[in-house]
Amino acid sequence: MGALGVPETFVSLLFCFSLLTSDLTLCDGSSDTRDFVEAHKAECHYVNGTQEVRFLIRCIYNQEEFIYFDSKEGKFIAKKEFGRKQADYWNSQKEAIKKAKSGVETFCKYNYGWLERLGAIGRRVEPSIKISLMNPDEQSHTKQHMLVCNVYGFYPSEIEVKWYRNGREETEQVQFTEPYHNGDWSYQILVMLETEMEKGDTFTCEVHHSSLKTPHRVDWHPQLSDAAKKKMATGILGFVLGIVSFIAGLVAYMKGREGLLPQLSGSFLF
């Protein structure tokens, strides 16, 4: 779980900046620093609240992580050869290691309490589920179709989604995206099933999430697809219009007969 920073945690930025500006050598062996991208990440990993906390400082240069600090190991670890010299140097500095280790308290545990007061810790939001048929081709003679289970609006991000066809779990033709942020403290995931379908089949999207006491299941039937619904709506509309036209014609016919009857009766009298 990532956490937000406080002033004490600028230690991670200072470490990475120091590593990148002291005796920097680029990947190709040159020392031209006019064009480079530097990034750093400070991460907190919690187990059972704050009972076990792991603090990481990741230093990234041109999209490659070259060195990181791990509070569990208590030292800096080089991931690239050009980060080995920096790792050896910082590991020899007792004050630097002590300062990095302090991030467990000043960064991770501090922010955990802040997030707890904010209501983010333990927050649970149930997912919404929608099933749709992806790009149905009515002219195609193949029986292969792509069903999409859109699961959205849930929190936290850990989730499991399963597809069933007529009660049997489908695993071979299933594709899925990673859960991604919606920008509002919620997540969304798409799980696709490529399958054959016949009239009478029942497809089920089953969602397992910590906000749910039991798995949430939504069924989908081929005859109730979007295309079928459009055809049904068109047919119903045509039927209604036909009835209205028939009634209007009948009313006009009856009115015409009412106007004609007196004339006929008069002709017989005279």
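The values are calculated or read from the model by the stated rules, or taken from the named source; none is laboratory data. Note that the structure is a prediction, hence the values are computed from the model and not measured. Ideal geometry is used to build each Cβ from the backbone, glycine not excepted, and the neighbour counts take in all protein chains shown. Surface areas here come from the heavy atoms of the whole protein model, side chains and all, with no ligands, DNA or RNA. Shrake-Rupley method; radii C 1.70, N 1.55, O 1.52, S 1.80 Å.
Residue-by-condition table, conditions (1) modelled with pLDDT of 90 or more; (2) among the acidic types (Asp, Glu); (3) open to solvent by 80 Å² or more (accessible area, probe 1.4 Å); (4) part of a strand (DSSP E or B):
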residue: 147; (1), (2), (3), (4): yes, no, no, yes
residue: 153; (1), (2), (3), (4): yes, no, no, yes
residue: 157; (1), (2), (3), (4): yes, no, no, no
residue: 160; (1), (2), (3), (4): yes, yes, yes, yes
residue: 175; (1), (2), (3), (4): yes, no, yes, yes
residue: 178; (1), (2), (3), (4): yes, yes, yes, no
residue: 195; (1), (2), (3), (4): yes, no, no, yes
residue: 205; (1), (2), (3), (4): yes, no, no, yes
* To do: State whether one or more residues within the stretch 82-102 are open to solvent by less than 50 Å² (accessible area, probe 1.4 Å), under 27 Å from the mean Cα position of the chain (by Cα) and at pLDDT 90 or above.
  => no
* To do: Might you let me know whether the stretch 135-143 holds any residue that is more than 30 Å from residue 40 (Cα to Cα), crowded, with 16+ Cβ neighbours inside 10 Å and either of a type in the set (A, V, I, L, M) or modelled with pLDDT under 90 (or both)?
  => no
* Structure fact -> Of the listed residues (64, 73), the one being out of contact with any Leu (no Cβ under 7 Å at 6 or more places or on another chain) and open to solvent by 100 Å² or more (accessible area, probe 1.4 Å) is 73
* Could you list, in sequence order, the residues of the stretch 103-123 that are of a type in the set (Gly, Ala, Ser), under 30 Å from the mean Cα position of the chain (by Cα) and on the phi < 0 side of the Ramachandran plot? -> 113, 120
* Structure fact -> Within the stretch 56-81, the count of residues that are more than 15 Å from residue 94 (Cα to Cα) and part of a loop (DSSP other than H, G, I, E, B) comes to 5
* **Any pair with Cβ under 9 angstrom, 6 or more apart, that starts in the stretch 82-111 at a residue that is in contact (Cβ under 8 Å) with a residue 12 or more places away in the chain and assigned to a loop (DSSP other than H, G, I, E, B) and ends at one that is open to solvent by 30 Å² or more (accessible area, probe 1.4 Å) and not polar (S, T, N, Q)** => 102/8
* If you scan the stretch 207-230, which residues turn out to be modelled with pLDDT under 90 and of a type in the set (Lys, Arg)? -> 229, 230
* Asked: Would a scan of the stretch 117-125 turn up a residue that is part of a helix (DSSP H, G or I), open to solvent by less than 70 Å² (accessible area, probe 1.4 Å) and more than 20 Å from residue 215 (Cα to Cα)?
  -> no
* **Odd one out for residue 53, checked against (1) modelled with pLDDT of 90 or more; (2) in a loop (DSSP other than H, G, I, E, B); (3) among the β-branched types (Val, Ile, Thr)** => (2)
